[in-house]
Amino acid sequence: QFQLVESGGGLVQPGGSLRLSCTASDTSLDRYAIGWFRQAPEKERRAVLCISSTGGISNYDDSVNGRFTISRDNAKNTVYLQMNELKPDDTAIYYCAAKLFYCDGTPYQTDFGPWGQGAQVTVSS
C-alpha cells in the first residue's frame, strides 16, 4: 500500500529551525508531486508548499517565504520541509500528501492522496 510517513516534528523555540521528512513506502515518489500542508489549532488545513515530480516548486503561503524550503531526494524516496526562523504562528500539525506529477496553482486537497499521519510542530518559548 502506498503510504506516507512524516517525521521530524517537535518543540522548538522561536527563531529556531526544524526539518520535517516525508518518506514513502511501497511506491516510488519519482512520479509524484508532494505537498506540505498545515493545520493550526482551531483552523482549517491549508497548503504551504508543493514540489512537483520534476522539482518545480509552488508557494501557497506567503508567510513562509524566505523561511521554509521544500526539497526532494528521490534516491531516499523522501521529501523535506526545512523550516527556519520559526514563529509561534507556525505551530500546527504538518501533513505531507501526494499528487501525480504536478502541483496546481490552486492546491485542491481532494486531489491529494495518500496523506501522512501528521507531525506536530510547536513553536514556543
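Kindly evaluate Phe112 against the criterion of being aromatic (Phe, Trp, Tyr) and under 16 Å from Phe2 (Cα atoms).
Working: aromatic (Phe, Trp, Tyr): yes; under 16 Å from Phe2 (Cα atoms): yes.
The answer is yes for Phe112.
Any residue at all in region 98-109 that's closer than 19 Å to Ala40 by Cβ and assigned to a strand (DSSP E or B)? First the steps, then the outcome.
From region 98-109, those closer than 19 Å to Ala40 by Cβ are 107, 109; that's our starting set.
Retained after the next criterion (residues that are assigned to a strand (DSSP E or B)): none.
Among the residues of region 98-109, not one is closer than 19 Å to Ala40 by Cβ and assigned to a strand (DSSP E or B), which makes the answer no.
Considering (1) part of a loop (DSSP other than H, G, I, E, B); (2) open to solvent by less than 30 Å² (accessible area, probe 1.4 Å); (3) under 16 Å from Gly35 (Cβ atoms), say which one Val79 fails and leave the rest.
(1)
Considering only residues of region 15-67 that are among the β-branched types (Val, Ile, Thr) and assigned to a loop (DSSP other than H, G, I, E, B), which is surrounded by the fewest Cβ atoms within 10 Å (Cβ to Cβ)? If you could, list the steps in order and put the result at the bottom.
From region 15-67, those among the β-branched types (Val, Ile, Thr) are 23, 27, 34, 48, 51, 54, 57, 64; that's our starting set.
After this cut, where a residue has to be assigned to a loop (DSSP other than H, G, I, E, B) as well, the list is 27, 54.
On the way: Thr27: 15, Thr54: 11.
The extreme case among them is Thr54.
The values are calculated or read from the model by the stated rules, or taken from the named source; none is laboratory data. Remember, it's a predicted structure, so these values are computed and weren't measured experimentally. Cβ sites come from the backbone with ideal geometry, for glycine too, and all protein chains shown count toward neighbours. To get the accessible areas, we keep the full protein, side chains included, count just its heavy atoms, and leave off ligands, DNA and RNA. Shrake-Rupley method; radii C 1.70, N 1.55, O 1.52, S 1.80 Å.
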